[in-house]
Amino acid sequence: MRRQRVISIFVSTIAMLTMVAGTLSAVEKDYTKETPEERTARMAWFQDARFGMFIHWGVYSVPAGEWKGKKDYGEWFLEETKMPVSEYEKFAQQFDPVKFNAKEWARTAKNAGMKYVVITSKHHDGFGMYRSGLTDWCIARTPFQRDPLKELAAACKEEGIVFCFYHSIMDWHHPDWGTRRAWNDKAPATPPNMDRYTEYMKGQLKELLTGYGPIGILWFDGEWEDPWTHDRGVDLYNYVRSLQPGIIVNNRVGKGRAGMGGMDKGQGVGDYGTPEQEIPANGFGPGVYWESCMTMNGHWGYNKNDQNWKSAGTLIQSLIDCASKGGNYLLNVGPTSEGLIPGPSVERLAEMGAWMKVNSEAIYGTTASPFKKLAFGKCTQKPGRLYLHVFEWPKDGKLLVPVSNKVKKAFLLAKPVESLALAGGEGGGVIVSVPAAASDPNATVIVLEIDGAPAVVATAPTLKQAADGTLSLKAAEAEITGGAKLETKSGNEQNIGFWTSPDDSVQWAAQLTKPGTFDVEVNYACDPKSGGKYTLNAGGQKLTVTIAPTQSWGDFVTSKVGQLKLEKAGAITLEIKPVEKVGEGLMNLRAVVLKPAP
Ligand code: FHN
């Protein structure tokens, strides 16, 4: 008997020492040092998923964006009203989402074709959207005596959706956050203490990462203020990974993010880039992970007056655009204080789901397009298959695809049994004969089954002069190099913006059949405090243009900037390059038009 007791004490001691050693090594391990193979394996589900739901939900949904006559608030309500924190806290007593139905939310995401959900566990206002044991500034202070994150975690699990948290590093409510707000009347007289704050934040993250099951992504935000440092970011990255080693952490855990462009400016920490409210002009090649997060209207948090909803077509084409560049699309909903996802959001998600029901094969598990630019739309690919997402349906029923591969079969993804006729394109490429009308006005997918890796060929430019000799070059038809970006504004008008560096440039490749002398007109907008100079080059000639600012970034005018003598027919490239920038950026460019000079 005595011998058995000794053995069982010995075994349990070994077990306890192993567990402690394991925990210590987990906390001390530098997870940033994983092998490329380990990283690829950990990122695999994210790379394949391509499409997620962002949820910004908090007590800021009680005022619903409106306060004392102003109607443009969202989740930054406390910061923008600068109301005393003690006043803001009263919204918690009014937050009672009696209509919240986690299963409904999870089904809405699933039916839209979304593979993961990222919900705010804590936004900048510091309010915990779960029952925290570390503060009563959380759901426990509301009449809603349940835990919405626990319910949503369970519902997502049931629907096979990866559950993820958004957690703000910056905390306007906590007295120890380094940049304390003057209106934080609940803070003590003692100065903030970032070490104490970091321990508090780690404590809440431990609650979230040990109490809500496997978490796919820790989506940090609010890293930009000075009290947060790169070193704190590395430490937090390792802490989070020590709790769930397989978790993915975005690049806002540290200080490496290059503004709203979202990508790492070098030596950052975190697993992927986070462009916000924009889609990069080009992808970043294999092994560089990124995800564009965007709103459906103009707000992240619920704003009852904001009815400026993007169309379902715009949302579908944004998803395709991200996938065609090897990135993910994280599309936001801002639920009400009653616990409902706004109707217009639900409608658009249902339309996206109907498109995904037919075409998800062309999104999930695909990699970036082999083409720099396609005149008719975008492309995604899998080994042996090109998925052509056609936005502009060819009027002549002929789709020119610039590949020289042997095409074994071409078909509409919506009608895989009907093969489409193929022919060789003049000057290379393959011509696919397509039905008279697109089967989906938002985007119709044509599949090319090809032998081997895509062999891209240069083909004759598709931009051509009109019958009167006018050559119109639109923003969406440009090939963009550097950080400049194509933006879709309300009314689906598109312009190229974010020209902030000399490396940013745009080019149009066009076919000139009617040479001559042309007046060059530019349709652009430029904030009064911005602008600068650019060169416009074509046919060996160069115009240097000084920008005359307009009323605002949204005030577009057409200005004649000079003349070009293009005396040779054939392919031409027109390029615009910044020479010097004043203020925020060069301009928002909608179009360049070459009109035959009188
Ligand atoms: O300040 C936040 C904002 O409220 C929102 O959460 C977005 C979404 O990513 N991120 C920050 C702004 O860049």
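The values are calculated or read from the model by the stated rules, or taken from the named source; none is laboratory data. Remember, it's a predicted structure, so these values are computed and weren't measured experimentally. All Cβ positions, even for glycine, are placed from backbone atoms using ideal geometry, and neighbour counts span all protein chains on display. Side chains included, ligands, DNA and RNA excluded: accessible areas come from the protein's heavy atoms. Shrake-Rupley method; radii C 1.70, N 1.55, O 1.52, S 1.80 Å.
Just subtract the alpha-carbon distance of T32 and K357 from 0.36 nm times their residue separation and send over the number in nm, one decimal. Don't skip to the end; give the middle numbers.
Working: separation 325, 0.36 × 325 = 117.00 nm, distance 3.76 nm.
Result for the pair: 113.2 nm of gain on full extension.
The stretch between H230 and E584, if pulled fully straight at 0.36 nm per residue, gains 124.8 nm over its current Cα-Cα span. Modelled this way, with points 7 Å down the Cα-to-C-beta line, the labels at D451 and R39 are 3.7 nm from one another.
Show K372, K357, K533 ordered by accessible area, largest first, where the area counts protein heavy atoms only and the probe is 1.4 Å.
Working: K372 140, K357 175, K533 70 Å².
These residues rank, largest area first, as K357, K372, K533.
Counting only the Cα atoms, the stretch 56-362 fills a convex hull of 127 Å³ per residue.
Taking a ≥ b ≥ c as the square roots of the eigenvalues of the Cα gyration tensor, the stretch 377-450 is rounded, since a/c falls below 1.5. Rounded, prolate or oblate, given the Cα gyration tensor of the stretch 229-275, with a/c below 1.5 counting as rounded? Oblate, because a/c is 1.5 or more while a/b does not exceed b/c. In deg cm²/dmol and to the nearest 500, what is the mean residue ellipticity at 222 nm of the chain if only DSSP H runs of at least 4 residues count, each as -39500 (n - 2.57), divided by the residue total? Estimated from H runs of four or more residues: -7500 deg cm²/dmol.
Does the stretch 342-482 come out rounded, prolate or oblate, given a ≥ b ≥ c as the square roots of the eigenvalues of its C-alpha gyration tensor, rounded meaning a/c under 1.5 and, failing that, prolate meaning a/b above b/c? Because a/c hits 1.5 or more and a/b fails to exceed b/c, the stretch 342-482 counts as oblate.
Can you list the lysines whose alpha carbon is less than 28 Å from that of K304, not counting same-chain residues fewer than 8 positions off? Output for K304: K68, K70, K71, K82, K90, K99, K103, K110, K115, K122, K150, K489. Counting only DSSP beta bridges with both residues in the chain, the antiparallel share comes to about 70 percent. With both labels modelled 7 Å from their Cα along Cα-to-Cβ, the S501 to K560 distance reads 3.7 nm. Given K325/K406; K372/K542; K372/K474, which pairs have Cα atoms separated by over 19 Å? In this structure, K325/K406; K372/K542 lie more than 19 Å apart at Cα.
Leaving ligands and nucleic acids out of the surface, order E351, E477, E278 by accessible area at 1.4 Å, largest first. Don't skip to the end; give the middle numbers.
Working: E351 100, E477 60, E278 15 Å².
The ordering from most to least exposed comes out as E351, E477, E278.
Past 18 Å, Cα to Cα: identify those pairs from K382/K408; K382/K409; K265/K378, in the order given. Each step should come with its number before you reach the end.
Values: K382/K408 15 Å; K382/K409 15 Å; K265/K378 27 Å.
Exceeds cut-off: K265/K378.
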